[in-house]
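Worksheet: one structure, shown below.
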Amino acid sequence: MEEFNNNIAIEMKNISKSFGSIKANENVNLTVNNGEVLALLGENGAGKSTLMNMLSGIYHPDSGSIFVYGKEVRFYSPKEPIKLGIGMIHQHFKLIDVFSAKQNIVLGQKGTFVRGQNLSKEIKKLSDKYGLDVDPDKKVYDMSVGEKQTLEIIKVLYRGAKILILDEPTAVLTPQEIKRLFKIIKNMKEQGCAIVIITHKLNEVMEISDRVTVLRKGKSIDTVETSKVTVPKLIEMMVGKTVDLSIDRTVVPDKNLLLEVDNLSVVNHEEGHSLKEISFKLYGGEILGVAGVAGSGQKELCEVIAGLQKSEKGRIFFESENIIGKTPRDIIKLGIRMGFIPEDRLGMGLVASMDMVYNLILKDYQLQPGIMLKKKASIEKAKKIVERLDIQTPNIYTPVSRLSGGNIQKVLLGREIDSNPKVLITAYPVRGLDIGASYKIYELLNDQKKNHVAVLFIGEDLDVLLELCDRIMVICDGEITGIVDADKTTKEELGLLMVGGKQMEVAND
């Protein structure tokens, strides 16, 4: 009989899981020790989430074994892992906004009720043990993103979790909030917790993890000690080949003003102002980055420029003509080539039930209404986009709804670039893409910049914003808190601006 190592918290052996003909996991092996942080890496579609969903009881493996503290277990619901001390903190928080912190903590637990001061003392004791900080009586709707995440951590710890799974925990945090989170993780590690982090940010992997397990195409490639591996090696393990991760920020001379936003305000009738008297300029031959905590007005900014949302006041000039009040079709009729890559790819960007060819035909019709369109031209365009962006699809006639999120994003970006825009608005254009594809997108955006296209790049990775963009505009609660030169600022300064820090001097127009 194999002797159990008392230091092992979780062991997953030869785990396989299929969905129809798709093998999400195939003979995957993973071990997590007590008192360590294990990073789980892999491209989109590598099987990371499926594997962790089996560990948290959402899915059941087709074959293989799961051991918790040396005992083989079978999970058929999420309740069973919780009883054994396994807690998963999802990227999208599962909190009730109108409840207080302590009400959320005890929610769903049988035989418990909000016990006022006694419960607050229990939460305080738990918080002190792990270095957490949350007001038990504070309503969720009054919390920052970092506070909500801290509450999610306390919630699973209160339920007895000693094994924690964090799914993309830093995706929407500022640099300052990330530092606080890492301190919390280190405190939990020192208390003997076993922690798994799913992330795509390799610099954070190198900083916080002890070991790294890499998945590729549903299979476990290797597990390595973080101190004995390099970032390029991890990328090679993830992708299967060497990838050049340099972003060349080309300086384009003779920039011309293409878009000017003047004193623009947008009102969300449910939540009040989404944009409050913002003003900025966008030039052909530059990439203007937009940074901000999620929900700060990025979506409204994109939509009002593209003519999809009305403004309360202010003006938007495209090549000196005010386009406020014009519909997207009106804007197109003026000859304005304004490519728009929305945050909601299928809801706003593409018709899900149509294939690439017909989605291209729809775009061509918008650009050239009133004339007969030739399907053959769209077929050739579709083939060119598939080859140029390495889109994984059975063929160009496959409905885009059947493609992965990353490939849908490539279709959308390829279509917009093919329309030869003068202004290209991109909202999270690499969300859902693997590392290799992401850097291909950065390269394509740089090509647009070299062609004197004005690019508005809304992103969430501050490292990429600093490396790719010429200037970065920071939005907090619908207001611009600063516009800075990318080569003259830091992540820490951007982080302060993202949470409403002191107004910085706007870079020279």
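The table below gives the values:
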| item | result |
| --- | --- |
| The lone exception for Ala352 - which of (1) in a loop (DSSP other than H, G, I, E, B); (2) modelled with pLDDT of 80 or more it fails | (2) |
| Failed criterion for Tyr439 (all others in (1) at negative phi; (2) among the hydroxyl-bearing types (Ser, Thr, Tyr); (3) at pLDDT below 85; (4) touching a strand residue (DSSP E or B) at 6+ places or on another chain (Cβ under 9 Å) hold) | (4) |
| Residue in region 6-61 that is nearest to Ile198 (Cα to Cα), counting only those that are free of Cβ contacts under 8 Å to residues at least 24 places away in the same chain and of a type in the set (S, T, N, Q) | Asn53 |
| Test set (1) surrounded by fewer than 19 Cβ atoms within 10 Å (Cβ to Cβ); (2) part of a loop (DSSP other than H, G, I, E, B) - Asn446 fails condition number | (2) |
| Wholly within region 239-316, strands (runs of 3 or more DSSP E) carrying at least 1 residues that are modelled with pLDDT under 85 and not basic (Lys, Arg) | 256-268, 272-284 |
| Helices (runs of 4 or more DSSP H) wholly inside region 14-126 that include at least 1 residues being small (Gly, Ala, Ser) | 48-55, 101-106 |
| In region 388-416, residue nearest to Val351 (Cα to Cα) [restricted to those that are of a type outside the set (S, T, N, Q) and at pLDDT 85 or above] | Pro399 |
| Meets criteria (surrounded by fewer than 16 Cβ atoms within 10 Å (Cβ to Cβ) and in contact (Cβ under 8 Å) with a residue 24 or more places away in the chain) for Lys276 | no |
| Positions within region 463-481 being crowded, with 22+ Cβ neighbours inside 10 Å and among the aliphatic types (A, V, I, L, M), in sequence order | Leu465, Leu468, Ile472, Met473, Val474, Ile475, Ile480 |
| Restricting region 443-458 to residues that are within 28 Å of Glu492 (Cα to Cα) and at pLDDT 90 or above, the residue that is nearest to the chain's Cα centre (by Cα) | Ile458 |
| Condition broken by Glu460, with the remaining ones in (1) assigned to a loop (DSSP other than H, G, I, E, B); (2) crowded, with 22+ Cβ neighbours inside 10 Å; (3) touching a residue at least 60 places away in the same chain (Cβ under 8 Å) satisfied | (2) |
| Sole residue being in a loop (DSSP other than H, G, I, E, B), crowded, with 16+ Cβ neighbours inside 10 Å and not β-branched (Val, Ile, Thr), chosen from Leu433, Leu424, Leu412 | Leu433 |
| Top-ranked residue of region 78-135 - restricted to ones that are of a type in the set (A, V, I, L, M) and more than 15 Å from Ile153 (Cβ to Cβ), ranked as modelled with the lowest pLDDT | Val114 |
| Hits in region 183-240 - residues which are among the polar types (S, T, N, Q), farther than 24 Å from Ser16 by Cα and crowded, with 17+ Cβ neighbours inside 10 Å | Ser209, Thr226 |
| Matching residues, region 463-484, being over 15 Å from Val290 (Cβ atoms) and either touching a Cys at 6+ places or on another chain (Cβ under 8 Å) or modelled with pLDDT of 95 or more (or both) | none |
| Region 242-263: number of residues that are free of Cβ contacts under 8 Å to residues at least 40 places away in the same chain and touching a helix residue (DSSP H, G or I) at 6+ places or on another chain (Cβ under 9 Å) | 2 |
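The values are calculated or read from the model by the stated rules, or taken from the named source; none is laboratory data. Worth saying up front: this structure is predicted, and the values here are computed from it rather than measured. Every residue, glycine among them, receives a Cβ derived from its backbone with ideal geometry; neighbour counts consider all protein chains shown.
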